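The structure appears below as structure tokens.
No lab work stands behind these numbers, since they all come straight from the coordinates. All figures in this text were calculated on a predicted structure; none of them were measured in a lab. With ideal geometry, Cβ positions are generated from the backbone for all residues, glycine too; neighbour counts draw on all protein chains shown.
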Amino acid sequence: MEDNKKYNTGRPNEKLPENEEERASVIRTWSEGNEHLENAITNCINNGIETWACCAGHHYIDFPYLSMKINEENKEKILSIMQALANMPGVTIDVSFMNRGAQGELLTITSNMKNRDKCFDAISKASRNPLKLEETNEIVQALWKLHSGLTSYQIEHDAEITNSRLKGRVLTIRPVSKNFSNVLDEFMKRHNIMQVYYKKSFLSISKLKELTENITNRAKEKFGKTYNGRNIMNEEEKQRLENLKKFFDSDELIKQTLIDIDPNQKDDYNSESRISYIDRIFQEAKSMEFEFLSVCRNFEINPDLIKEKFSQINERLVGFNYSTGNIRKLYKENFTDMNAQLFDSVRKKFFTDRDSLDESDLRLLIQKSKTVNELLHILHSYVTYNKENLRQLPIIDKKEHGPNASITLYGEETELAKKIFEDFPEDLVTGNTEIFGIRNKVIMVVKGRGKELLLDVGKVENQANNFYVTKYFFSGLEGIINASQMREFGKLDENGITGSLDSDEERVIQDLFEFIEKVPLDRGLEPESKKSTKKSKKFSVEEFGNDIAKKKGENGRKISNVGKMLELMRDVSRKLHSKSMEESPKEGEEKGEIGDEKSDRD
Amino acid sequence: MKNQIEISNIAKETIEVLNHFDEEFTSKISKTFLNNLYELSKNSNIKVIIDENKELKDQNISEECKDLLSILYYKYIATEEEKTDIIEIWKNNDILYKNSKK
């Protein structure tokens with residue numbers, strides 16, 4: 001309708017036409033073709049909530065929203081809307097106040113494109129069902145109280161604020177509902193970004209700053225840190241983080257002990273020196289067993305499995321022939337050897353079947369192990385790459401990533417983990433990404449790349465310089481990777497691709513992101529803009545079958561030639577297989593947690 | 001008997017041709033086999049060119065590569081009934097070829 005142009009200027013309007021038919025038409029114009037938004041506006045208006053501004057969203061990455069005016073009469077319906085959306089993924093609720101002009105108090109609900117319709121439907125429904133403040137959840141209550149306090153203060157001190165000639169007197173509180181904990185913790189530090197937003201000028205009014213701090217401190221005391229309504233960093237989660245830290249301490253200690261008990265010529269000089277050596281490693285074995293048992297306690301692993309292993313080792317030590325025995329062989333066979341098949345079994349179990357891991361899997365692997373190194377490798381993989389364990393760590397932060405994914409930071413807010421989280425490129429397309437920071441290590445699980453990409457970033461400290469080793473694994477190849485792409489990665493076998501890359505301290509994060517970008521995107525995740533408009537020639541298997549494999553005539557495939565080719569391939573496969581067996585982990589050589597490559601920097 | 005370079009060239013050619021197949025074919029091939037092909041192809045310096053304007057049967061692909069791809073087709077794609085037919089065709093083709101050389 002021509003007349004609706006005056007209602008579609010992009011500026012907020014105060015009054016709707018009185019006539020119902022005209023009103024409906026105007027609402028349709030505002031809702032920009034989105035029926036859910038249209039219903040939301042209609043329901044709000046019919047329930048005494050005047051709307052202020054809205055947008056249906058127009059692009060692949062956009063933020064549709066609806067703003068509603070708050071007053072005493074509709075307050076309970078506003079609370080109901082806040083309650084309905086406080087925990088909806090991809091949705092932000094913010095309450096704002098401006099003392100000048102017609103805006104007053106506003107509730108603005110902003111969504112991502114994925115959840116847009118669901119969000120608007122929730123507004124429609126909630127606008128019909130009022131709620132009292134005490135019936136809402138703690139996020140809504142805290143937000144409302146904060147907003148009320150600040151609004152009252154602003155009204156009370158309006159003259160002072162006006163006379164101060166400060167610009168931009170909009171006071172907006174905008175907790176991203178999933179990360180309300182950050183509002184409480186980072187309130188003043190993060191004022192200039194999305195969590196709680198003040199126009200900077202307000203901070204120069206010390207009273208307002210003081211008031212805000214008091215309110216947030218009171219809210220923090222009452223509600224604690226909340227994330228989606230549940231407490232995080234509670235005692236249980238703190239304990240889990242501590243247990244993981246202790247595990248890494250034990251891991252380091254055991255590795256160092258294995259190095260320390262490496263026999264030298266003096267240990268092997270005569271029977272007497274060998275006896276002395278065996279005595280020493282008996283004691284060291286006890287202390288290593290102690291470390292393993294503490295891991296069992298902290299991660300609810302049956303300790304009998306460990307005790308049995310060490311009992312077997314002790315028996316072999318007892319049976320050692322001091323006169324003729326080879327202590328180096330004894331050391332390797334009981335402490336440091338790594339069986340290649342066991343290594344592959346651990347990788348297969350922990351990296352590919354991680355979702356289905358249970359203790360019987362762990363028990364079987366421990367039973368197969370013989371040396372302390374193998375036992376350590378199994379436990380390390382179980383603890384470090386066990387998603388269930390890792391996800392029970394406290395969540396430090398979470399943010400949206402693109403329209404359909406998120407990035408979550410767990411564990412310890414180490415410098416490296418935090419930097420990876422904050423610097424994660426917005427245009428690096430992935431599915432959900434999880435970052436686990438523990439000590440000087442970061443574990444990442446990146447969905448959407450290679451089906452699921454596991455990364456283990458660890459720091460190596462040596463006297464010359466520190467550097468980082470990033471080990472990786474992914475299983476999804478989505479058909480063939482072409483030969484040149486394969487060269488970018490490492491070893492490919494039935495489980496997937498494993499490898500590692502070294503980085504200097506300055507480049508570790510950049511190298512990490514560049515690597516992630518190289519890993520093939522899962523189908524369906526390619527951004528529209530990057531999809532090739534020109535498709536390369538694709539042959540169909542049917543075409544191949546008819547035109548080549550089953551072609552009749554003297555120019556078709558011949559059984560004698562095919563037979564020769566088959567024999568050739570078998571012969572080559574045998575040679576390659578025996579070559580890979582020769583290159584399997586050598587006795588006494590310690591293996592990394594993922595991948596066979598050992599950094600050769602040393 | 002083929003030498004190492006010839007084998008590497010066949011492997012590389014096969015990989016590059018496979019890149020141009022639908023995933024209906026390539027996703028069924030054993031990863032270990034693909035890895036072996038890749039390992040073999042490392043020593044090859046040939047350049048494989050696929051003409052986007054030509055059909056598969058008109059591409060300049062070596063007979064050895066076609067043989068290898070046919071083995072893959074037989075092993076991973078063909079039904080049991082088809083396999084019987086394929087063997088018959090290959091046997092007959094052999095006979096026809098030998099007769100034509102007499």
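Taking amide H atoms as placed 1.01 Å from N in the peptide plane, the amide H of A:R557 lies under 5 Å from those of A:K551, each 5 or more residues away in sequence or on another chain. Remark: spin-label model distance A:N546-A:I45 equals 6.0 nm, labels positioned 7 Å along the Cα→Cβ axis. Going from the residue with the fewest nearby Cβ atoms within 10 Å to the one with the most, A:R570, A:R347, A:R507 rank A:R570, A:R507, A:R347. Structure note, pairs A:K564/B:K102; B:K12/B:K66; A:K348/B:K12; A:K309/A:K370: Cα-Cα distances above 18 angstrom occur for A:K564/B:K102; A:K348/B:K12. Per-residue Karplus couplings for region A:412-421, computed as 6.51 cos²θ - 1.76 cosθ + 1.60 with θ equal to phi - 60°, are listed in order as 9, 7, 6, 4, 5, 4, 5, 5, 4, 4 Hz, Gly and Pro entered as x. Fewest neighbouring Cβ atoms within 10 Å first, the residues A:H36, A:H58, A:H377 line up as A:H58, A:H36, A:H377.
Candidate membrane-span-like segments in chain B, meaning DSSP H helices with Cα atoms spread over at least 20 Å of their own axis and a Kyte-Doolittle mean of 0.0 or above, are B:4-18, with no membrane implied. Neighbour counts of other Cβ atoms within 10 Å put A:I78, A:I259, B:I29 in the fewest-to-most order A:I259, B:I29, A:I78.
Full extension of the chain between A:Q265 and A:E32 gives 75.5 nm of extra length, using 0.36 nm per residue less the Cα-Cα distance.
A straight chain from B:E80 to B:K98 at 0.36 nm per residue would run longer than the Cα-Cα distance by 3.7 nm.
The mean number of Cβ atoms from other chains found within 10 Å of a Cβ in peptide B:49-59 is 3, as a whole number.
With the simple spin-label model, which puts each label point 7 Å out from Cα in the Cβ direction, the A:K368 to A:F513 separation comes to 4.0 nm. Taking label points 7 Å from Cα along the Cα-to-Cβ direction, B:N45 and A:N314 give a separation of 6.4 nm.
Potential lengthening of the chain between A:E461 and A:E21 amounts to 151.0 nm, from the contour at 0.36 nm per residue minus the alpha-carbon distance.
Working note: Karplus 6.51/-1.76/1.60 with θ = phi - 60° gives region A:508-516 the couplings 4, 6, 4, 4, 4, 5, 5, 5, 4 Hz, where Gly and Pro are set to x. Residue by residue, region A:81-89 carries 3J(HN,Hα) couplings of 5, 4, 4, 5, 10, 4, 10, 7, x Hz when phi is fed to the Karplus relation 6.51 cos²θ - 1.76 cosθ + 1.60 (θ = phi - 60°); x denotes Gly or Pro.
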